Amino acid sequence: MRYQLSAGAAMLVFGVLIIVVVGSMTIREYGTLRELRRDGRPSEATVTDVVRGTGRSADVVHISYDTNQGPWNGKIVLGDSSLPGDTKAGDTFDVVYNPRTPHIVRMPDQLDGELLNIYVIVVAVGALSTLAGAWIQLAKYKRARQSADA
């Protein structure tokens, strides 16, 4: 009986934590994309280095690009863009950067937030599943407690 209460409470806290953390990250990224669509400036980026991901981690492409504040360095995560997997140092491609904060840079095909939408749906399903599990465990605890009291 105590297990059901502990498991239910832990799942409830974990589910809420997922929603709060991922929700705040998502809201911030949607704001970044909105700002880049509204105020972003295009630039041509040159690949300076490619760090290949291992296992489930994505490749990271380090880039340099010109901004209104002079040359800048940044990075693009390949999992979030349409860059080919064989991207190498010296390759060039278009980016959009924020003129107020040039370190914020995305590829033009990232500005629609399509991948972010998929990410949000997957995480939401996981969080809701965790909350449903918490509800089930707490309902079992309540029934067991009512049976013990009867």
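The values are calculated or read from the model by the stated rules, or taken from the named source; none is laboratory data. In this text, all values refer to a predicted model and were calculated from it rather than measured experimentally. Note that we place each Cβ from the backbone using ideal geometry, even for glycine, and neighbour counts take in every protein chain shown. Ligands, DNA and RNA are stripped out before the accessible areas are found, and what is left, the full protein with its side chains, is counted by its heavy atoms. Shrake-Rupley method; radii C 1.70, N 1.55, O 1.52, S 1.80 Å.
Tabulated data
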item: The chain - percent relative contact order, Cα under 8 Å, separation 6 or more; result: 33
item: In Å², nearest 10: area of Asp94 left accessible to a 1.4 Å probe; result: 100
item: Listed residue (Thr101, Ile76, Ala10) projecting farthest to the positive dipole end of the chain, Cβ model; result: Ala10
item: Calculated FRET efficiency for the pair Arg28/Leu128, C-beta based, R₀ 30 Å, to 0.05; result: 0.90
item: Rg to Rh quotient for the chain, alpha carbon positions, Kirkwood Rh; result: 1.21
item: In order through segment 37-50: 3J(HN,Hα) via Karplus (6.51 cos²θ - 1.76 cosθ + 1.60), integer Hz, x for Gly, Pro; result: 5, 7, 10, x, 10, x, 7, 9, 9, 10, 6, 9, 6, 10
item: Cross-link partners of Lys88 among lysines (Cα-Cα below 25 Å; sequence separation of 8 or more within a chain); result: Lys75
